[in-house]
Amino acid sequence: MAIEASAAVARDTSESTPTRTRYVAVAYGMTLSFITFLDRAAIGQAAPLMRRDLGLTAVEMGYIFSAFGLAYALLEIPAGMYCDWRGPRKALTQMVVGWSFFTIATGWAWNFASLWTARLLFGAGEAGCYPSLARLFKTWLPVRERPVAEGLKAASARLGAAIAPSLVVFLYAFMSWKNVFLVFGLVGFAWAAAFYWWFRDTPSQHPSMNAMELAMIPAAEKTQGHGGAPWSDYIVSRSLWMLCVQWFCHFYGFYFYITWLPTYLQEARGVDITRSALLAGFPLLMAALGSLAGGWATSSLIRRFDMRRARKIVCYVSYAGAAILMVLAIRADSVMAAITLMSLSSFSVELSVPASWTSAMDLGGRHVGAVSGAMNTIGQLGGVVAPAVVGFIAQGGKQGWSAALYTAAAVYAIGFFCWLFLDPVTPLEQKA
């Protein structure tokens, strides 16, 4: 009897305390975000050796960098809608397996066409990742926890991009650049297997979550999209367009860091390959901190202002600071001063990330996958445009590199103005 009573007390106690299963879901999102940018950024450090081995020009390498963003942008909305239909468990597993295969296939390339195709298909595989993670967080998390979770997810991505250059150089001691992509692809396969085994599309389906934790997520079962998103209404929404364009501005600068920055340091600043790998990681490490700070700042300001003003304040500071600091970096005389100012610019623009993704969640409502996919589609066009534009302008030597970076500063300024005309909280369906 005493044993049965003790067991009953234990059950009551466990039910009186919310479980923390949702944090495991966040951890899966963080690790996947890390892997996505590890895979994306690896090519930036490998680029000089790839150009040498495959006989590629700077312009051709710019087109190869852009191939990822092209497929990513074109398939972002369809992939987000696919996740709305199938759910994150199946959709994410299929996507990760697909892009991990083409990460490995990057190492099989033998000329421009084969490498461009591998990167195009790699981008197609990654296209639905972040819309799917947006649905995962909206379904699994209380509203108040979403900005911090988005900050952690974004920070993990930037950390992956920051580590990639040094990790690639480290692995060069043991293998060729081709086998580096093999290693990175195998990591993705392992994640996909673990995620499919553990995850469930809704919290109520997971055996580890108790009733008290479920009660903290009252809207979870209401976030599934039924029917197609009303695009005829969405396409004329000023807020949706402003959200998308500011995301383009964000990614324009970011893709410079993960594609051309090592080459910029070597060609415009005279840095050797090993040191360039180390220095190229600094802006991305600061980006990780910026994403975390952006989540914290947004959540803190919500306690003092309404959600609309909190998000706008953070993003005004974010884009204005990024533009100013980039201009100062261009004008810096020393390498360390330039990389420090670029790192601060990167920190600043990343403050906007949690506010951008939570705005997409709120504007999207039941169709969060489709709306966040639209935002990321336009955003990823920055990943198409920036590498190609930088590759073209940088042919002008040091002055060309300066012109390329002034262009990035101007794009950041456009992002600032987008937030003047953006309502980041009212669902689009209410406006339709």
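The values are calculated or read from the model by the stated rules, or taken from the named source; none is laboratory data. Predicted model only: the values in this text are computed from it and were never measured. Here the Cβ is made from the backbone with ideal geometry for all residues, glycine too, and neighbour counts use every protein chain on show.
State whether the residues of segment 282-295 include one that is farther than 25 Å from PHE34 by Cβ, modelled with pLDDT of 85 or more and part of a helix (DSSP H, G or I).
Looking through segment 282-295, none of the residues is farther than 25 Å from PHE34 by Cβ, modelled with pLDDT of 85 or more and part of a helix (DSSP H, G or I).
Within segment 51-102, if we keep just the residues that are charged (D, E, K, R) and within 25 Å of MET30 (Cα to Cα), the residue that is nearest to the chain's Cα centre (by Cα) turns out to be GLU76. Output yes when any residue across segment 337-349 is in contact with a Lys or Arg (Cβ under 6 Å, 6 or more places away or on another chain), crowded, with 16+ Cβ neighbours inside 10 Å, polar (S, T, N, Q) and modelled with pLDDT of 85 or more, and no when none is. Within segment 337-349, none of the residues are in contact with a Lys or Arg (Cβ under 6 Å, 6 or more places away or on another chain), crowded, with 16+ Cβ neighbours inside 10 Å, polar (S, T, N, Q) and modelled with pLDDT of 85 or more.
Restricting segment 92-108 to residues that are crowded, with 24+ Cβ neighbours inside 10 Å and not hydroxyl-bearing (Ser, Thr, Tyr) leaves a set whose member that is nearest to VAL180 (Cα to Cα) is PHE102. Contact map, segment 375-387: residues that are closer than 18 Å to ALA355 by Cα paired with residues that are of a type in the set (D, E, K, R) and in a helix (DSSP H, G or I), Cβ distance under 9 Å, separation 6+ or inter-chain. Pairs shown: MET375/GLU76; ASN376/GLU76; THR377/GLU76; ILE378/GLU76; GLY379/GLU76; GLN380/GLU76.
Please determine, by comparing only the residues of segment 38-67 that are of a type in the set (Lys, Arg) and at pLDDT 85 or above, which one is farthest from GLU126 (Cα to Cα).
Applying the filter and picking the extreme gives ARG52.
Contact annotation: residue pairs with Cβ atoms under 6 Å, 6 or more positions apart or on different chains, pairing a residue in segment 401-417 that is farther than 12 Å from SER318 by Cα with a partner that is part of a helix (DSSP H, G or I) and of a type in the set (Gly, Ala, Ser), are TRP401/ALA394; ALA404/ALA394; ALA408/GLY253; ALA409/ALA323.
With the requirement that a residue be buried (at least 17 other Cβ atoms within 10 Å of the Cβ) and either modelled with pLDDT of 95 or more or closer than 14 Å to VAL353 by Cβ (or both), what does segment 296-311 give you?
ALA297, THR298, SER299, ARG311
Total residues in segment 189-219 satisfying the condition of being surrounded by 19 or more Cβ atoms within 10 Å (Cβ to Cβ) and either modelled with pLDDT of 80 or more or under 23 Å from the mean Cα position of the chain (by Cα) (or both): the figure is 9.
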